[in-house]
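Here the structure is laid out as structure tokens; the discussion comes afterwards.
The values are calculated or read from the model by the stated rules, or taken from the named source; none is laboratory data. Bear in mind that the values here come from a model prediction, so they are computed numbers and not experimental data. We place every Cβ from the backbone using ideal geometry, glycine too, and count neighbours over all the protein chains shown.
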Amino acid sequence: MAVEAKQSTSQQKAGQEKVGEVVSTKMTKTIVVEVIRRVKHPLYQRVVTKRRRFYAHDEAETAKTGDIVRIAEHRPLSRLKRWALAEVIRKAVVIDEAHLVAPVAADTKKKATSKKAVKA
């Protein structure tokens, strides 16, 4: 009897999991994950890309925009949030904009001084 009870608790329904990209982290402890799937159109037999956005709970606020994450079904936390962040699969590549802006500004100064020299 005790063995059967242990087996039934270990075989709980796992729930769905989805993998997608974080498109927004502007809300507190909430991320918006866009899941993309490709399906065949029932009438035209063409492959169509379908996108769906899910609101997911991120307690530690670890996910950033552009990350690839796995979300899992969860009890309702608000009107729209029915998912929770399970794991961050791949972090987004962050490019430091300070390095990109500085060389561009230096090039424009050189061009401006050369134009003045030509006019004189």
Residues that are small (Gly, Ala, Ser) and over 11 Å from LYS29 (Cβ atoms), drawn from segment 52-72: GLY66, ALA72
Residue selected from segment 1-38 under the condition loosely packed, with under 10 Cβ neighbours inside 10 Å and β-branched (Val, Ile, Thr), by the criterion modelled with the highest pLDDT: THR28
Residues within segment 48-81 that are surrounded by fewer than 10 Cβ atoms within 10 Å (Cβ to Cβ) and among the hydrophobic types (A, V, I, L, M, F, W, C), tallied: 1
Single residue of ALA105, ALA98 found to be over 30 Å from GLY15 (Cβ atoms), out of contact with any strand residue (DSSP E or B) (no Cβ under 7 Å at 6 or more places or on another chain) and modelled with pLDDT under 60: ALA105
Those residues of segment 82-92 which are surrounded by fewer than 16 Cβ atoms within 10 Å (Cβ to Cβ) and either without any contact (Cβ under 8 Å) to a residue 24 or more places away in the chain or part of a loop (DSSP other than H, G, I, E, B) (or both), in sequence order: GLU87, ARG90, LYS91, ALA92
